[in-house]
Amino acid sequence: MDKLQAIVDQYQKVPGGLIEAFHAVQDEYAYIPEEALRRLAKAFEVPLARAYGIASFYSYLSLKPRGQYIIRICKSAPCHVKGAAEVVKTLEEELAIRMGETTPDQLFTLEFTECVGVCAETPVITINGEPYGDLTSAKVKEILAQYRQPQ
Amino acid sequence: MREEKRISLKHYGLIDPDQIEDYLEHGGYQSLQKALSQPPAAIVQAVKDAGLRGRGGAGFKAGIKWGFTLQTPAEQKYIICNADEGEPGTFKDRLIMEGDPHLVLEGMAIAGYAVGASKGYIYCRGEYPYIVKRLKRAIEQAREKGLLGTNRFESNFSFDVEVRMGAGAYICGEETALIESLEGKRGEPRSKPPFPGVAGLWGKPTVVNNVETLAAVPWIIEHGATAYQQIGASRYPGTKIFTLTGDVARKGFCEVPTDVTLRELVYDFGGGVAGGKKLQAVQVGGTSGAFLPESLLDTPADLDSMAAVGGTLGSGAVLVVDETRDLVDLAVTIASFFKHESCGKCTPCREGTFQLHRLLEKISRGQGSRQDLETLERLMWIMTQASFCGLGHTAPTPILTMLQYFPDPFNNRVNSQAG
Ligand SMILES: Cc1cc2nc3c(=O)[nH]c(=O)nc-3n(C[C@H](O)[C@H](O)[C@H](O)COP(=O)(O)O)c2cc1C
Ligand code: SF4
Ligand code: FES
């Protein structure tokens, strides 16, 4: 894992940089593999259990493998009243998986999130951090189609 | 009809946020230059005189906070810009950073000069990766112009800024949890005192201010404390950005003097309730804010007026709820938020938020009893009294105010059940 070494090298000297390093790992692998957790724990001189405790504290970080595109659905109150449940239903049906799962082709993962700060365009999802708002079932299908196209 | 007054959003949509030249042409970094020609204590005094209070929710006087840090001798001090913005329904800090990143950097640099800090951190929530990029670009440009980093303005003051990304934990908006997170740890709050102003990041004196607070500072330096003090409510002067969400005709935002009323926000700026429906409630301050009825809409939205009616100003998020919405269902959603976001450090909040959610869900399903409602109220009282930090103290606010102002939906749901 050369990429991992590059991340370790980049962040090791940054005070308090462990969480930044976790972000970098996740940008690369879509989650934090055990190997990365071990290497970072060592580099930052914290016990593995502590590193695990930190990674698992933050909902943006995942210790479970995920798909290439992580779709997060906002379930906070403003999105909830504006039909987040409908968006969940469409996504689950279209991808034939349930919330929390990853499609068998490893393309999509569905997760809940709390507010992503795009609350004038409710309901909202993000795909790899990119927000999409004012969603309807039709719009969700269009967006998925874009991501399904081989790039 | 109320008019907007833009201070923190003064350049929003008017300049290219990715071009420092544009900011400079609009008078950018002039306030910093002006500040550097005065002694630091004079800057702290100006912020005090302006009456600027924190826009992150607690409303602490910024000048007083800066004064503590100025007076605490230390080789290293820090400025932290709190850009965690986790309160659902809130996106004001995003607007500021998106539209005018240099304004935030300038505010931080002025704060740094005033208290004697040479290093600043922006703790930006992980949900805003596109903002993090923009901020980093702005910092690069400011360094190239010699405005940040070493040797600036031929003065011997130097100030640099680093951006750190949060990772999806609401509690990290609380200033001491934020500091823990910046240090690379779990974001669990510390006990106060000591306050960050005296012992914060890596034990050093640290000013933590919200984005919107810092974004008001250049204006105050440019126009003077008196000019700022005269805007809006006298005890909470200046402007505030409100974000309008939910069942409002025009979702969006406005920056207005702080004596604006809730009615003006919902009807003048928001265009009233969407679809010609009737208003049921407004929740002011974000998900930890109070639910208020139509009869309180003429209350000014400033911090003290809101507190006087048992409400909150909080982040300035205004959620409009129309007559068709099921408040019990909304209560379950809100309780689920706090259950998820409780950091787990203290029992009243860890267990309290869990039980709150469980009981409300039970009531929502029509399986709750009168006894459950009573347990709920007792539980919430304990949480407000015994929790370790603000999350546990305020998590009950939305539910308590729902029960106070809108008891019927809850009573009806439990009355259908014997026992
Ligand atoms: C649970 C909790 C969450 C908070 N979230 C934020 C936040 O997202 N942004 C913020 O500026 N302040 C937040 N605060 C308030 C901060 O602790 C702190 O008071 C604030 O950053 C100080 O800046 P100000 O005086 O400029 O408002 C939160 C407080 C609590 C208890
Ligand atoms: S009140 Fe809640 S969020 Fe605050 S320390 Fe206790 S468990 Fe953590
Ligand atoms: S509430 Fe869903 S994006 Fe803010």
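The values are calculated or read from the model by the stated rules, or taken from the named source; none is laboratory data. Every value quoted in this text rests on a predicted model; they were computed, and no experiment measured them. Because the Cβ atoms are built from the backbone with ideal geometry, glycine has one as well, and the counts that use them run over all protein chains shown.
A few comments on the model shown:
- Only one of the listed residues (B:Leu178, B:Leu95) is within 14 Å of chain A (Cβ to nearest Cβ), in contact (Cβ under 8 Å) with a residue 40 or more places away in the chain and within 22 Å of B:Gly390 (Cα to Cα). That residue is B:Leu178.
- Applying the criterion of being within 12 Å of chain A (Cβ to nearest Cβ) and within 17 Å of the chain's Cα centre (by Cα) to the residues of segment B:245-255, the residue that is farthest from A:His80 (Cα to Cα) is B:Cys254.
- Hey, B:Ala317 touching a Ser or Thr at 6+ places or on another chain (Cβ under 7 Å), of a type in the set (A, V, I, L, M, F, W, C) and facing chain A (nearest Cβ under 10 Å) or not: yes
- Of the candidates B:Arg143, B:Arg134, the single residue that is surrounded by fewer than 22 Cβ atoms within 10 Å (Cβ to Cβ) and within 14 Å of chain A (Cβ to nearest Cβ) is B:Arg134.
- B:Val44 meets each of the listed conditions (1) more than 16 Å from ligand 1 (Cβ to nearest atom); (2) in contact with a Gly (Cβ under 6 Å, 6 or more places away or on another chain) apart from (1).
- Test for B:Lys48: is it in contact with a helix residue (DSSP H, G or I) (Cβ under 7 Å, 6 or more places away or on another chain), basic (Lys, Arg), away from ligand 3 (no atom under 16 Å from the Cβ) and part of a helix (DSSP H, G or I): yes
- Identity of the residue in segment A:114-143, surrounded by fewer than 16 Cβ atoms within 10 Å (Cβ to Cβ) and within 18 Å of the chain's Cα centre (by Cα), that ends up farthest from B:Ile131 (Cα to Cα): A:Asn128
- Selected residue (criterion: nearest to ligand 2 (Cβ to nearest atom)) from residues of segment B:336-356 that are of a type outside the set (D, E, K, R) and farther than 22 Å from A:Thr113 by Cβ: B:Cys346
- The set of residues in segment B:357-395 being touching a residue at least 40 places away in the same chain (Cβ under 8 Å) and more than 12 Å from ligand 2 (Cβ to nearest atom) consists of B:Ile363, B:Ser364, B:Gly366, B:Gln367, B:Gly368, B:Ser369, B:Arg370, B:Gln371, B:Asp372, B:Leu373.
- Being under 17 Å from the mean Cα position of the chain (by Cα), buried (at least 20 other Cβ atoms within 10 Å of the Cβ) and within 16 Å of ligand 2 (Cβ to nearest atom) holds for only one residue in B:Gly173, B:Gly126, B:Gly107, B:Gly187, and it is B:Gly173.
- Test: residue in segment B:26-35 that is away from ligand 1 (no atom under 16 Å from the Cβ) and in contact with a strand residue (DSSP E or B) (Cβ under 6 Å, 6 or more places away or on another chain): no
- Summed over segment B:194-252, residues that are not in a loop (DSSP other than H, G, I, E, B) and not aliphatic (A, V, I, L, M) total 24.
- Members of segment B:256-304 that are of a type in the set (S, T, N, Q), more than 17 Å from the chain's Cα centre (by Cα) and farther than 26 Å from B:Phe337 by Cβ: B:Thr261, B:Ser295
- The residue of segment B:393-419 that is farthest from B:Ile334 (Cα to Cα), among those that are in a loop (DSSP other than H, G, I, E, B) and either touching a Leu at 6+ places or on another chain (Cβ under 8 Å) or modelled with pLDDT of 95 or more (or both), is B:Phe406.
- Given (1) within 15 Å of ligand 3 (Cβ to nearest atom); (2) under 26 Å from B:Met380 (Cβ atoms), number of the condition B:Pro293 does not satisfy: (1)
- Selection count where residues are under 24 Å from A:Gln26 (Cβ atoms), in contact with an Asp or Glu (Cβ under 8 Å, 6 or more places away or on another chain) and away from chain B (no Cβ under 14 Å), scope segment A:104-147: 3
- Criterion: closer than 20 Å to B:Pro407 by Cβ and of a type in the set (D, E, K, R) - qualifying residue of B:Arg263, B:Arg325: B:Arg325
- Counted residues, segment A:11-56 - those being over 19 Å from the mean Cα position of the chain (by Cα) and facing another protein chain (nearest Cβ under 9 Å): 7
- Subset tally (residues that are at pLDDT below 95 and acidic (Asp, Glu)) for segment B:305-326: 0
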